[in-house]
Protein chains: 2
Amino acid sequence: MHTIKDVAKKANVSIATVSRIVNNQSGYSEETKRKVLAAIKELNYQPNALARGLINKRTHTIGVLLPHFINAFGMELLHGIEEKAHEEGLSVIICSTDSFGAKTMKYLQVLNEKRVDGVIIIGPKLEEEYYDYVKRMAVPVVLLGTEKFDNRLPSVQVDNRAIAYSAVKHLIDKGHERIGMIAFHENGPSLRADGYRKALEDNDIIFNQERIVFSSGFAFEDGVHFFRKLMLQAPDITAAYIISDEMAVGAITAADRLGIKVPHDVSIISHDNLRVADMSIPKLTAVSLPLRRMGRTAAEKVFQMIQTGRPSESSIMQHEIVERDSVCMLAKAVRAKQPC
Amino acid sequence: MHTIKDVAKKANVSIATVSRIVNNQSGYSEETKRKVLAAIKELNYQPNALARGLINKRTHTIGVLLPHFINAFGMELLHGIEEKAHEEGLSVIICSTDSFGAKTMKYLQVLNEKRVDGVIIIGPKLEEEYYDYVKRMAVPVVLLGTEKFDNRLPSVQVDNRAIAYSAVKHLIDKGHERIGMIAFHENGPSLRADGYRKALEDNDIIFNQERIVFSSGFAFEDGVHFFRKLMLQAPDITAAYIISDEMAVGAITAADRLGIKVPHDVSIISHDNLRVADMSIPKLTAVSLPLRRMGRTAAEKVFQMIQTGRPSESSIMQHEIVERDSVCMLAKAVRAKQPC
DNA sequence: GCTTTTCACGTAAACGTTTACGACATATAG
DNA sequence: CTATATGTCGTAAACGTTTACGTGAAAAGC
């Protein structure tokens, strides 16, 4: 591995001149530039980013913390981040904090020691401990997720209440009234459950506790389990809003076993719109989140913050409903009993 | 951000002593150790990895090149890599070489400039250009993938011929004889198509060109398209080996539209055994690849190479068949015409 | 009690860059 | 022709560590 000194020697100039040429600043003749460039090519010299970083205080590297690696959801975000980051000349170090806990702190320390230029934290919420740490790190941090707001730090998120509202409104527009929901079990009040409730109220449908069920996860298995539970609790529903695609697929499987046809007996609208939404039978009508774009935006924000040194605004991304085959119209006449 | 000097000053010792304590070497009294540790804690000093790397020639960072980010397949591999890497104290930089091409070269350069300790390259094959470059980088490189062998570099792979053989053998064991395949269209001879053919031959079933179809991709859409094509070319098959889960799901969708029931009319065995295999209806019987473990193994190999300085052996990972619901037994009596 | 070993440190060079400063030569202005 | 500006370069300090080497004191050996 050659250093700038080797190049300088070979080109018969000082290292300062080589440096100037490499960083193309001014202060040299065309003649010497040629010589130096030739030497660089011949030795195929690559500047040492460590030495550069040491003096410039820029590593052109950001860290991404994401829980539950495997999740397709996080992957889309990560993809967006990586894409944008590399466009801006940033490398990304991934830290998968699988079992949320002590590991995260370790990762933050590593990122700090490596002097990353910024950090993106994916996840529902930010523990106080982590917040304190990143604050002391004094690098740009942006939050990327779907759940709680932490307005002490810039974030890119979606409005879960509005999303749930849209989803349920869509079902209502299709003629459904007895609408179930598989929500996520949180400590505090659930934004999505809120939106669900609000949509019902705004359309003069009375809220029925039995029609909402709280899952402990977002996976396929949770879908089959909690859909069964939902149908047990509220057998008369004609539609359901399910807060992840995987769960929705699980619900379809469960429905299949229960002899319930989707969408003929019960319509399903899901959340996220990942690849799998397009692969199930029937294809899922879903609220689509611009995950890739969210990742890009997060990367853009850290980049901006790195450049300007001042905190960025938070962004709330728009969602949209993409209609496929898991929701069907319920004619007013048949609303009573029959399937559509 | 405090440096070792600040700590030294605060503890009234030299920076050398601080360094020794931080790296816990010998050469100081318990007394001074206490003092220094106290100073470190008070300033919450974190050593600068750049400066360390500069002098130690170790960055404790590896790079991972992976094409087609989005793919769940690559994600499993990446997950394994990340897991093991962090266990060994290595950070991982991801480089998604989406559009295979010029981007890869850029990434390699970046990794080189950042002086990563090792590189893992995920992908079917290694272009000559990249090979030359990584050779010049003179860092441990391991190949991770499923396709071609490149025995100039250590790799972790699976034996695709054996896998195809197993898959087809499994179908034969279940009583099938007219077996189709959706293979991947490659320039050279396909290992998987080879295994398919061999399994037939070994069981005295004549190979029929019409029963094999070559896809240009591995995605859902390819599955629906090429399954349709397959059924047009060879309407009499009772089973098919399809080389990706997503394609298999696509095939089921296509079958559904064609009025073909899986597995009653045609059985399907797929490849990879990703999460989606468990989520389709019917659940897919599949050849399971230990992707996570493959990732771990790859990371382990680079780590080993970093430590010892000598190249590692290549590994071929074992596969297994996990039986679910997409393959059914064909009784000898009914082999002629009826479904099972 | 004197030499030798051991221990606890400090000094300074090195890692590979960037960059402020100064030196010298040439061009420009008066 | 002198004074000044401009352009091309080199020297050396700095970034934050690690580590070889040296120093002095205390401990050990005789």
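If a residue has to be open to solvent by 10 Å² or more (accessible area, probe 1.4 Å) and within 23 Å of residue A:77 (Cα to Cα) to count, how many in region A:157-184 make the cut?
Residues in region A:157-184 being open to solvent by 10 Å² or more (accessible area, probe 1.4 Å) and within 23 Å of residue A:77 (Cα to Cα): 5 in total.
Residue B:42 fails exactly one of the following numbered conditions: (1) at the interface with another protein chain (Cβ under 9 Å from one of its Cβ atoms); (2) open to solvent by 60 Å² or more (accessible area, probe 1.4 Å); (3) more than 16 Å from DNA strand C (Cβ to nearest atom); (4) at pLDDT 95 or above. What is the number of that condition?
Only one criterion in (1) at the interface with another protein chain (Cβ under 9 Å from one of its Cβ atoms); (2) open to solvent by 60 Å² or more (accessible area, probe 1.4 Å); (3) more than 16 Å from DNA strand C (Cβ to nearest atom); (4) at pLDDT 95 or above is unmet by residue B:42, namely (1).
Residues B:56, B:24: which one is modelled with pLDDT under 95 and either open to solvent by less than 30 Å² (accessible area, probe 1.4 Å) or out of contact with any Asp or Glu (no Cβ under 8 Å at 6 or more places or on another chain) (or both)?
None of the other options fit; the residue is B:24.
Look through region B:1-56, keep the residues that are charged (D, E, K, R) and in contact (Cβ under 8 Å) with a residue 24 or more places away in the chain, and return whichever of them is nearest to DNA strand D (Cβ to nearest atom).
Going residue by residue through region B:1-56, those that are charged (D, E, K, R) are B:5-6, B:9-10, B:20, B:30-31, B:33-35, B:41-42, B:52.
Going one step further and asking which of them are in contact (Cβ under 8 Å) with a residue 24 or more places away in the chain, we end up with B:6, B:10, B:35, B:42.
Working: B:6: 8, B:10: 13, B:35: 17, B:42: 15 Å.
Filtering region B:1-56 for residues that are charged (D, E, K, R) and in contact (Cβ under 8 Å) with a residue 24 or more places away in the chain, the one nearest to DNA strand D (Cβ to nearest atom) comes out as B:6.
List the number of the failed condition for residue A:28; all other conditions in (1) within 16 Å of DNA strand C (Cβ to nearest atom); (2) within 12 Å of chain B (Cβ to nearest Cβ); (3) among the aromatic types (Phe, Trp, Tyr) hold.
In the conditions (1) within 16 Å of DNA strand C (Cβ to nearest atom); (2) within 12 Å of chain B (Cβ to nearest Cβ); (3) among the aromatic types (Phe, Trp, Tyr), residue A:28 misses (2) alone.
When region A:112-130 is examined, which residues are found to be open to solvent by 20 Å² or more (accessible area, probe 1.4 Å) and within 12 Å of chain B (Cβ to nearest Cβ)?
A:113, A:114, A:115
Going residue by residue through region B:95-111, is there one that turns out to be aromatic (Phe, Trp, Tyr) and either open to solvent by 20 Å² or more (accessible area, probe 1.4 Å) or closer than 23 Å to residue B:307 by Cα (or both)? Spell out the reasoning first.
Initially, region B:95-111 is screened for residues aromatic (Phe, Trp, Tyr), giving B:100, B:107.
Next cut, either open to solvent by 20 Å² or more (accessible area, probe 1.4 Å) or closer than 23 Å to residue B:307 by Cα (or both) only: B:100.
The answer is yes; a qualifying residue exists.
Just need a number here: residues in region B:50-92 that are closer than 21 Å to residue B:141 by Cβ and hydrophobic (A, V, I, L, M, F, W, C).
Going through region B:50-92 one residue at a time, the tally reaches 12.
Only one of B:76, B:82 is touching a Ser or Thr at 6+ places or on another chain (Cβ under 7 Å), under 30 Å from residue B:276 (Cβ atoms) and at the interface with chain A (Cβ under 8 Å from one of its Cβ atoms); which? Quick ask: steps written out before the conclusion?
Values: B:76 fails: touching a Ser or Thr at 6+ places or on another chain (Cβ under 7 Å).
Just one listed residue meets the conditions, B:82.
Filter region B:1-25 down to residues that are within 7 Å of DNA strand C (Cβ to nearest atom) and assigned to a loop (DSSP other than H, G, I, E, B), then give me how many there are.
3
Residue A:92: modelled with pLDDT of 95 or more, open to solvent by less than 10 Å² (accessible area, probe 1.4 Å), aliphatic (A, V, I, L, M) and within 16 Å of DNA strand C (Cβ to nearest atom), yes or no? Give the derivation first.
Details: modelled with pLDDT of 95 or more: yes; open to solvent by less than 10 Å² (accessible area, probe 1.4 Å): yes; aliphatic (A, V, I, L, M): yes; within 16 Å of DNA strand C (Cβ to nearest atom): no.
No, not satisfied.
Of the residues A:235, A:189, only one is modelled with pLDDT of 95 or more and not β-branched (Val, Ile, Thr); which?
After ruling out the rest, the residue left standing is A:235.
Has region A:146-155 got any residue that is modelled with pLDDT under 90 and within 11 Å of chain B (Cβ to nearest Cβ)?
no
Considering each of A:65, A:50 in turn, give the residue that is in contact with a helix residue (DSSP H, G or I) (Cβ under 8 Å, 6 or more places away or on another chain), crowded, with 17+ Cβ neighbours inside 10 Å, at the interface with chain B (Cβ under 10 Å from one of its Cβ atoms) and aliphatic (A, V, I, L, M). Please lay out each step first, then the result.
On the way: A:65 fails: at the interface with chain B (Cβ under 10 Å from one of its Cβ atoms).
On inspection, the qualifying residue turns out to be A:50.
So, of the residues in region A:256-276 that are closer than 18 Å to residue A:226 by Cβ and in contact with a strand residue (DSSP E or B) (Cβ under 8 Å, 6 or more places away or on another chain), which turns out to be nearest to the other protein chains (Cβ to nearest Cβ)?
Filtering region A:256-276 for residues that are closer than 18 Å to residue A:226 by Cβ and in contact with a strand residue (DSSP E or B) (Cβ under 8 Å, 6 or more places away or on another chain), the one nearest to the other protein chains (Cβ to nearest Cβ) comes out as A:262.
Please enumerate the residues belonging to region B:131-141 that are within 16 Å of residue B:302 (Cβ to Cβ), open to solvent by less than 30 Å² (accessible area, probe 1.4 Å) and free of Cβ contacts under 8 Å to residues at least 60 places away in the same chain.
Taking region B:131-141 and keeping what is within 16 Å of residue B:302 (Cβ to Cβ), we get B:134-135, B:137-141.
Still in the list and also open to solvent by less than 30 Å² (accessible area, probe 1.4 Å): B:134, B:137, B:140-141.
Correct list: B:134, B:137.
Are any of the residues in region A:174-184 assigned to a helix (DSSP H, G or I) and at pLDDT 95 or above?
First pass over region A:174-184, keeping only residues assigned to a helix (DSSP H, G or I): none.
Checked against the condition, which is being assigned to a helix (DSSP H, G or I) and at pLDDT 95 or above, region A:174-184 yields no hits at all.
Of the conditions (1) more than 14 Å from chain A (Cβ to nearest Cβ); (2) assigned to a helix (DSSP H, G or I), residue B:133 fails just one. Which one is it?
The one condition residue B:133 does not meet is (1).
So, in region A:53-62, exactly how many residues are at the interface with chain B (Cβ under 8 Å from one of its Cβ atoms) and in contact with a strand residue (DSSP E or B) (Cβ under 9 Å, 6 or more places away or on another chain)? Give the derivation first.
First pass over region A:53-62, keeping only residues at the interface with chain B (Cβ under 8 Å from one of its Cβ atoms): A:53-54, A:59, A:61.
Narrowing further to those that are in contact with a strand residue (DSSP E or B) (Cβ under 9 Å, 6 or more places away or on another chain): A:53, A:59, A:61.
Final tally of qualifying residues: 3.
Looking at region A:199-210 only, could you name the residues that are of a type outside the set (Asp, Glu) and out of contact with any Lys or Arg (no Cβ under 7 Å at 6 or more places or on another chain)? Talk me through it step by step, then tell me what you get.
First pass over region A:199-210, keeping only residues of a type outside the set (Asp, Glu): A:199-200, A:203, A:205-209.
Matches in region A:199-210: A:200, A:203, A:205, A:206, A:208, A:209.
What single numbered condition from (1) at the interface with chain B (Cβ under 10 Å from one of its Cβ atoms); (2) within 16 Å of DNA strand D (Cβ to nearest atom); (3) over 27 Å from residue B:76 (Cα atoms) fails to hold for residue A:109?
Against the list (1) at the interface with chain B (Cβ under 10 Å from one of its Cβ atoms); (2) within 16 Å of DNA strand D (Cβ to nearest atom); (3) over 27 Å from residue B:76 (Cα atoms), residue A:109 comes up short only on (3).
Within 16 Å of DNA strand C (Cβ to nearest atom), outside the structural domain of residue A:275 (by TED's automatic domain parsing) and under 28 Å from residue B:83 (Cα atoms): is that true of residue A:74 in this structure? Reasoning before the result, please.
Details: within 16 Å of DNA strand C (Cβ to nearest atom): no; outside the structural domain of residue A:275 (by TED's automatic domain parsing): yes; under 28 Å from residue B:83 (Cα atoms): yes.
For residue A:74, the condition - within 16 Å of DNA strand C (Cβ to nearest atom), outside the structural domain of residue A:275 (by TED's automatic domain parsing) and under 28 Å from residue B:83 (Cα atoms) - is not met.
For region B:96-103, does any single residue satisfy the condition of being at the interface with chain A (Cβ under 10 Å from one of its Cβ atoms) and assigned to a helix (DSSP H, G or I)?
yes
The values are calculated or read from the model by the stated rules, or taken from the named source; none is laboratory data. As the structure is a computational prediction, the values presented were derived from the model and not from experiment. Please note: Cβ atoms are built from the backbone with ideal geometry, for glycine as well, and neighbour counts cover all protein chains shown. Please note that ligands, DNA and RNA were not included when accessible areas were found on the heavy atoms of the full protein model with its side chains. Shrake-Rupley method; radii C 1.70, N 1.55, O 1.52, S 1.80 Å.
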